[in-house]
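Enquirer: Here's a structure for you.
Nothing in this text is a laboratory measurement; each read-out follows from the coordinates by a stated rule. Only a predicted model underlies this, so the values are computations on that prediction, with no experimental measurement involved. When we count neighbours, we look across all protein chains shown, and the Cβ atoms used for this are built from the backbone with ideal geometry, even at glycine.
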């Protein structure tokens, strides 16, 4: 009986141990050689291809998003740039206009100054011309005074005053004759160059020769006047009598006066 109990207890003690050993042995037999019998958790190893695909997808998505948003942003940016350029052009144009306006003002000032200088020069010339005319008048007056004292080298026909009708235009003839034994030259001066004209004004006469002078009256109010014939011995070129008379201070012949009247 005791032996039976000993065996029974021995079996109870050995059975669990045997079951455990058998179970471990079975597990070891099932597991591939060189590998742990324990249940291994799967390791996550990064796959480069999958990573590239993910990156590619992200990149593609980003590009798509960019393509969706870029046109609007690009348009806005272009409009902004265009406005800035337009503003710069306007500012540049304003500066150029201001510069042009200043240049015009400066040019206008220069032109005004030049005009003033020209005006002053013109006034100076007019003043000199008037002085010259005054001198010539004085010289002519002196010449006439001296001429009155001498004997004329010419005679005129008619000697009576020339008569005209004031309300009509008409012409009369005056004959001038050289009564000197040498060639003479003459010039005719008028007291009224508007209502009366003579032709010729200057002339040369050989001894004993005559010339007809046309005296023309234009329609005018009633008036009286005279013409004066200055005569002197011929000097210089007979074709330049007008210029020669400017240099003569004392004519050799006494002047001859012919009156006229328009009634």
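Enquirer: Please give the FRET efficiency for residue 182 paired with residue 257, using the beta carbon to beta carbon distance and R0 = 22 Å, rounded to the nearest 0.05.
Expert: 0.45
Enquirer: If you don't mind, there's one more thing I want to ask. Spin-label point model (7 Å from Cα, Cβ direction): what's the residue 168 to residue 194 distance in nm?
Expert: Placing both labels 7 Å beyond Cα along the Cβ direction yields 2.4 nm.
Enquirer: Given the C-alpha centroids of the range 87-106 and the range 180-199, what is the distance between them in whole angstrom?
Expert: 66 Å
Enquirer: Treat the count of other C-beta atoms within 10 Å as a stand-in for reagent exposure and order 72, 261 from fewest to most.
Expert: 72, 261
Enquirer: Rounded if a/c is under 1.5, else prolate if a/b beats b/c, else oblate: with a ≥ b ≥ c from the C-alpha gyration tensor eigenvalues square-rooted, which is the range 153-262?
Expert: prolate
Enquirer: For 248, 154, what ranking results if the residue with the fewest other Cβ atoms within 10 Å of its Cβ goes first?
Expert: Ranking 248, 154 by Cβ neighbours within 10 Å, fewest first, gives 248, 154.
Enquirer: Something else now. When a footprinting reagent is the concern and you count Cβ atoms within 10 Å, what order do 180, 153, 217 take, fewest first?
Expert: Going from least to most buried by this count: 180, 217, 153.
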